[in-house]
Amino acid sequence: MSHQESQKLDNVNPLETRVEDVIERGDNDFLDDNHDQDEHSESSQSHQAVDESDSSEDEVAPRNTIGDVPLEWYKDEKHIGYDIAGRKITKKERQDKLDSFLASADDSKNWRKIYDEYNDEEVELTKEEIKHIRRLLKGKAPHAEFDPYAPYVDWFKWDDAKHPLSNAPEPKRRFIPSKWESKKVVEYVRAIRKGLIKFDQPKEEPRFYRLWGDDSSSADRTKHLAYIPPPKPKLPGHEESYNPSLEYIPTQEEINSYQLMYEEDRPKFIPKKFTSFRSIPAYENAIKDSFERCLDLYLCPRVRKKRINIDPESLKPKLPSRKDLRPYPSTCYLEYRGHEGAVLSISVEPSGQWIASGSKDGTVRIWEVETGRCLRVWEIGEAVQLVAWNPLPELPVLAASVVYVFYANTLIFDRGADVLILNTGFGNEEEQKRIKELLHIGTPTTDDSDDMSSFLSWIQDEKYDCIRLRHYRVLGSVPSSLESRAILIHQLSKRLTQRLPFKLHGLPVSSVFHPTRSIFFVATKKNVRVYDLLKQKLIKKLETQLREVSSIAVHPAGDNLIVGSKEGKLCWFDMDLSSKPYKTLKCHPKDITKVAFHRSYPLFASCSDDCTAYIFHGMVYADLNQNPLIVPLEILRGHTSYDGRGVMDCKFHPRQPWLFTAGADSLIKLYCH
């Protein structure tokens, strides 16, 4: 059987199944009749040549080129595959089953024909192919001349040896010296004699070496790529001396301040002074330091750092120039003097013409912004913690928060922060008439909703002709129903007070309303929670990752928030982006007391106990794919520290790029561009 015939049998898969069906259905008569002839032919095939196949398929290549593709794909098509030129191969018209049956009954060779589905034609098997198939079905080799039991031929001569092959080395008598190698050896000898080839001299160990030297630059170390020098400890200085100068010895106050610092920021060694070497005690951390040094050398992985020559200026972010971001406050223009104590809070009237201030000396003052003239003073008697103007210009009223503490018998009563709604006296007659009607209460009223009568009452204060929201809280006895974590919202028009219907996880530090929506921000010492007052549910929880929050401020658009902390860090939150800070700025060395946004200009500020106020450019874009731009602009100085406090509050002018700052030195300063 030729190679092409075997390849044809492999390609035409349905042939074997057809032959098996033919043999099983009783067509073995022909095979049995020719069985003797086949046996005779098998014996004679070893001496005679095999007859050539009379099939025409040996000369014709397969027509179809569809490859190994299921034929079901062409079941409903009029063609089957494509030829080598890319033209469709149309299917042949199939005969009717009745006609094909009658034709097969008259054809004696019909049982040897098989239909090739891939090439769409009938193939007639030759006698030689039938013989090969019959041998394959019986489990024999296809070729009759193959002898499966051929005699074994031993290719090695044993000669009574234990192993047929020897693993002994080649004898010296078979070695043939190489002339080329001998010439090369002669060349090397001449080069050594002339000094062209030099051998490495034996290394001499130095008797002395530098204890604090950097061995990474030594020649013998740099030859090896895998060598990484160990880190060197810090060299001892004047602080480690047994008799250092007085400037290196810390005072007792500095030593006490070290205890308040974090362990990683605390100095590892505190210098001490001794009169002589004999009086120096043993180092108490000697074993601990040696153990940590061993960990550094043996347990810590070392990494070879490649130095790259990079311009440090190229690493800085590309920020716009400060000249292009003008205007912003930079110079102190005016000072407001009159308070005798620290100014704790300031508030600017919505039109920008007046400014109110509350001081620790127990007074509330109203100033004219342009001239610095004090127009009105209220003597409250206790420290005024907070003042705030009404955001509606047609009702110029002022709210002031005052803390009252008094003693009765053996109990200490702390009424918390009473809120005074003061009439400033500004506006025309109609506005003043409305304000007087708004601030008039016939009889003292208490809010019975949510059981608030025990700690809150609306009363008329005849002394200041205002409304007083009086809070009660017993500290020395059984506490009242109102917890210190509750937040109250007052509605002045209806004289209604309601508690925030949410559970606060922590002590509230600051709270602020959304500029345009019914959303309320509450800041605790660790987190900021955002509530929807209409739906009465928590919208978002912002994780500040700060030690303690001190103040918050909301952007005029309402989508961004800044948070100041008592560790001098300022966090910017993009509430559409994440609940984590977008940027964290470490700007102040001391506590941040207040942060503020400007209503119309892209500016925000922060003030601290370090007697400075920082001005930043904070641009928020309408495109949500663009992050906010934050650029530091100016550091405003001018206040002095008093009793460890610096700038207590800061507010922007509602229309101009001006900043008001209130300090513990009883001064209010106006910074202009």
Exercise. Is there a residue being open to solvent by less than 20 Å² (accessible area, probe 1.4 Å), assigned to a strand (DSSP E or B) and among the aromatic types (Phe, Trp, Tyr) anywhere in segment 598-613?
Worked result: yes
For this session: Find the strands (runs of 3 or more DSSP E) located wholly in segment 508-569 whose residues include 2 or more that are more than 21 Å from Leu386 (Cβ to Cβ) and basic (Lys, Arg), and list them.
Result: 537-543
Seminar exercise, completed: Selection from segment 232-249 of residues among the acidic types (Asp, Glu) and either under 30 Å from Arg547 (Cβ atoms) or exposed (fewer than 10 other Cβ atoms within 10 Å of the Cβ) (or both) yields Glu239, Glu247
Exercise. Can you name the condition, by its number, that Phe652 falls short on among (1) at pLDDT below 95; (2) under 28 Å from Pro391 (Cβ atoms)?
Worked result: (1)
Exercise. Within the bounds of segment 254-266, is there any residue that is closer than 21 Å to Asp296 by Cα and at pLDDT 85 or above?
Worked result: yes
Problem set entry | Which numbered condition Glu247 fails, given (1) more than 42 Å from the chain's Cα centre (by Cα); (2) outside any helix (DSSP H, G or I) | (2)
For this session: Within segment 627-651, track down each residue that is over 16 Å from Asp559 (Cα atoms), in contact (Cβ under 8 Å) with a residue 40 or more places away in the chain and open to solvent by less than 60 Å² (accessible area, probe 1.4 Å).
Result: Val631, Leu633, Glu634, Leu636, Gly638, Gly646, Val647, Met648, Asp649, Cys650, Lys651
For this session: Please work out if Lys594 is at negative phi, basic (Lys, Arg) and not in a strand (DSSP E or B).
Result: no
For this session: Filter segment 559-585 for residues that are under 21 Å from Tyr328 (Cα atoms) and open to solvent by 30 Å² or more (accessible area, probe 1.4 Å) and give the result.
Result: Leu585
Problem set entry | Residues being open to solvent by less than 60 Å² (accessible area, probe 1.4 Å) and not in a loop (DSSP other than H, G, I, E, B) - total across segment 382-403 | 11
Seminar exercise, completed: Contact list, first residue from segment 313-340 and touching a residue at least 12 places away in the same chain (Cβ under 8 Å), second anywhere and in a loop (DSSP other than H, G, I, E, B) and open to solvent by 100 Å² or more (accessible area, probe 1.4 Å), beta-carbon distance below 7 Å, six or more apart or interchain, is Arg326/His673; Pro327/His673; Tyr328/His673; Pro329/His673; Ser330/His673
Seminar exercise, completed: Residue hits (segment 250-282; hydroxyl-bearing (Ser, Thr, Tyr), open to solvent by 100 Å² or more (accessible area, probe 1.4 Å) and farther than 23 Å from Glu292 by Cβ) are Thr275
Problem set entry | Of residues in segment 103-126 being over 25 Å from Trp73 (Cα atoms) and touching a strand residue (DSSP E or B) at 6+ places or on another chain (Cβ under 6 Å), the one most open to solvent (accessible area, probe 1.4 Å) | Glu124
Exercise. Looking at (1) open to solvent by 30 Å² or more (accessible area, probe 1.4 Å); (2) aliphatic (A, V, I, L, M); (3) in contact with a helix residue (DSSP H, G or I) (Cβ under 8 Å, 6 or more places away or on another chain), can you tell me which one Leu624 breaks?
Worked result: (3)
Exercise. Has segment 291-308 got at least one residue that is more than 35 Å from the chain's Cα centre (by Cα), modelled with pLDDT of 80 or more and on the phi < 0 side of the Ramachandran plot?
Worked result: yes
For this session: Give me the pairs, please: first residue somewhere in segment 232-245 and modelled with pLDDT under 85, second residue anywhere and of a type in the set (Ser, Thr, Tyr), beta-carbon distance under 9 Å, and either six or more positions apart or on two chains.
Result: Gly237/Tyr248; His238/Ser245; His238/Tyr248; Glu239/Tyr248
Exercise. Do we have Arg337 as over 46 Å from the mean Cα position of the chain (by Cα) and outside the structural domain of Thr661 (by the TED database) here?
Worked result: no
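The values are calculated or read from the model by the stated rules, or taken from the named source; none is laboratory data. Small disclaimer: the values here were computed from a predicted structure and weren't measured. Neighbour counts are summed over all protein chains in view; Cβ atoms, including those assigned to glycine, are modelled from backbone coordinates with ideal geometry. Remember, those area values only see protein heavy atoms, side chains included, never the ligands or the DNA or RNA. Shrake-Rupley method; radii C 1.70, N 1.55, O 1.52, S 1.80 Å.
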